[in-house]
Amino acid sequence: KISLKINGAVDIHGAWRNETTEGVTASLLGNTRNEPDFNQQVQINVNGTIGDKLTIAADWNTERTFEYENQLKLHYKGYEDEIIQSVEAGNVSLQTSPLVGGGEALFGIKALFQLGPFSLTALASQKKSEVEEVSVSGGSQKNEFEIHAYDYSQNHYFVDKIYTDEDVNTFGKYFRNPNPIPVDSLRIKEIEVWKSTSATIDNANERRANAYIDLPKRVGSGEIPEYDNSYREIIENPIPGRSTGGRFRLLEDGVDYIFNKYAGIISFKSQISKEDAIAIAFRYEGPAGQTDNYYGEFLREVVDDTAKVMVLKLVKPQDLQPGGTFRDAWTLQLKNIYPVGGRDVKKEGFTLDIKYEEAGQDPINILEGKNLLEAFELDKSDESGTGGPDGAFDWEPGRTIFTSTGEIIFPFLQPFGKDFPLEDPEKTYQAVYDTSVTFAKQDKARDKFIIVGEYSADATSVYNIGFNAVENSVKVTLDGRALQEGVDYSVDYNLGQVIIRNEAALVTGANLKITFEKNDLFQLASKTLLGLRGIYDFSDETKFGFSFLNLNQTTLSDKVRIGEEPLNNSIYGFDFQTGVDLPFLTKGLDYLISTKEMSSISLKGEVAYMNPDPNTKKSKISSDNGESIAYIDDFEGAKRTIPVGVSYTGWRDISVPDDIPGLNNSLSKLDKMAFKAKSYWFNILPSDVVVEDIWGDRKKVGRNDDQITVLDYV
């Protein structure tokens, strides 16, 4: 009996194209071109059975982005008493023992044979994936980072342009000194930070407010004067970057942001979006002997009048951008603090370096004889803090790094711009500070500095493994013990995420390892996987198994590049497991506690041996003794031609050799020149030498190429 269910669509597009080009054309076909235009799209889904042993399943679509999304499977299932129990062709998988492993993304044929208590699985396939691993050690995850100069955090702002003043230099006095030197007259005593919101629900911490970038300060003895009503009126025509109005929500210090009262900086803990506006009210010390200076209004001043529009100082307008009416607000954003990518970053395992990368060359961390980490003042002392630079990043929380948000702090406001610490102005990258990130990225000629390193941050319950992870390939272990999917963790293959549920995997000291396969997006080399898995059942509890896998990877080119070598690896494994019930132990424990479960003991063991050949391309030179070889460069493009020149003006008498046999070497060089043979060299113009005299029947390129200028020497 044959039963097939087929559905899908085949779209065939056929046409005839006629193109006519006006004007002169170099095509041999002339100005008119006729050609067929053919295209097809196929989407098909097949499910069916042939008899009671063979099933067919196929899901194919030519419009899918990646080949691995198409699936094909033929499955033959034998009867219980047959030696051939099953045969699978198409998309198959094989898992052996834990040490030997296997593969999920395979395309080939797999067969299962059963002979009494012995079962054997054989596989021949093409491997379509790579194994990757995420390790989380000690409750933290190790990550590498690479940051460009334009990748600065957009969550840090000065409260007022006076704190950006180069002469006052509140930032440098705080961050460039081991012991900060505060400017007492600018010390901020109190601040409230507000963020724009679109909510309309009445809330005690939400108010309607107008915010201005150039809001005047309030100064007075005794009662502080209020802003006049002109600041509270509805802003009908707000100036982009200078004023805005609407509802604002009061943020909480220490929860939503961190504030530096000496440098006048607000650092937000969560990402500030482009659509958000930030406004503040703050009070600072002011000159000695004078009253405090106020900017904006505090909530307590208008708490009794909820209908009253508050007046605030604008720090970040919506859609912040450089230049124009946004110029003042643009200068308030700090562009010298860089996120490494993690939060709650730990000192252990943290490394950072600054490198300069020229096209086609390896990055270097020394320019003009200076270590870049030291030049940018991120390495001023050793780990003890008493010695000089030691070549490592100075870990000083709050001064060189914000550990909670994982951000590096440069002690200059424009480290790659006007504050560039090296002498060569051609290496500066001023576009980072004068233009938007989008435009700064386009200045490739100046984009040479990279900040690289590694960090460990507190582990989270969610880990990204990529959209192309192979289904059923994820394996998670905790301190070497395998965790159970669906209980200890779950996998969302659509989002490419592993969600850890076992709390023990997230505590300090836990060692978590996530192993998974990723589908090859593009396969440029053939990878063949052969495998065997045999199991002999001595009883229901006692089993002996053996495993064998061979991976053979070839390359498309005879020139084997480093990192792309053809390989042939084999691994062999033997495993054993048994279990025994212990009724006497159960009976003995019953005298202490009443148990209903049988006591038992189980034993498992495995041994594996790997025979690797990481490069099957061997040298044919006998002296290499069969060692593997790899291609570096054949220097075919390294030819350099140096013309000697045939013009008589380009030739000169040579100098006297230091030692001339048979000649008195005590003579001066000028006297030795008298013994030089007389020679002459000249050009005869017009030349009487033609092309054929030198190159024979060489084809001439033009009419004027007949005579060749030559150098005559006598």
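Read-outs: derived from the displayed coordinates by stated rules, not from any lab. All values reported here derive from a predicted model rather than from experimental measurement. Cβ placement follows ideal geometry from the backbone for every residue including glycine, while neighbour counts extend to all protein chains displayed.
Things to note:
- The range 1-116, relative contact order in percent, only Cα pairs under 8 angstrom and at least six apart counted: 18 percent
- Entries of K77/K518; K127/K448; K269/K448; K189/K370 with Cα pairs more than 31 Å apart: K127/K448; K189/K370
- The share of alpha-carbon pairs in the range 345-491 lying farther apart than 28 Å comes to 40%.
- Charge dipole (the chain, unit charges on Cβ, about Cα centre) - positive-most of S273, F675, I213: F675
- Of all DSSP beta bridges in the chain, antiparallel share, percent nearest 5: 95 percent
- Residue pairs exceeding 22 angstrom between C-alpha atoms, taken from K217/K316; K142/K173; K335/K444; K261/K308: K142/K173; K261/K308.
- Convex hull per residue volume in Å³, alpha carbons only, for the range 1-63: 123 Å³
- Farthest towards the positive end of the charge dipole of the chain, among the residues G579, W395, S600, is the Cα of G579, using unit charges on the Cβ of Lys, Arg, Asp and Glu.
- For the range 644-714, convex hull volume per residue from C-alpha positions, Å³: 134 Å³
- In a simple Cβ point-charge model (Lys, Arg +1; Asp, Glu -1; nothing else charged), the range 1-63 has a dipole of about 400 debye relative to its Cα centre.
- Over the chain, equivalent-ellipsoid semi-axes from the Cα gyration tensor in Å: 57, 56, 33
- Of interest is the spacing of the C-alpha centroids, which for the range 307-332 and the range 654-680 amounts to 83 Å.
- Relative contact order, percent, the chain [alpha-carbon distance under 8 Å, six or more residues apart]: 12 percent
- About its Cα centre, the dipole of the range 644-714 is roughly 160 debye, where the only charges are +1 on Lys and Arg Cβ and -1 on Asp and Glu Cβ.
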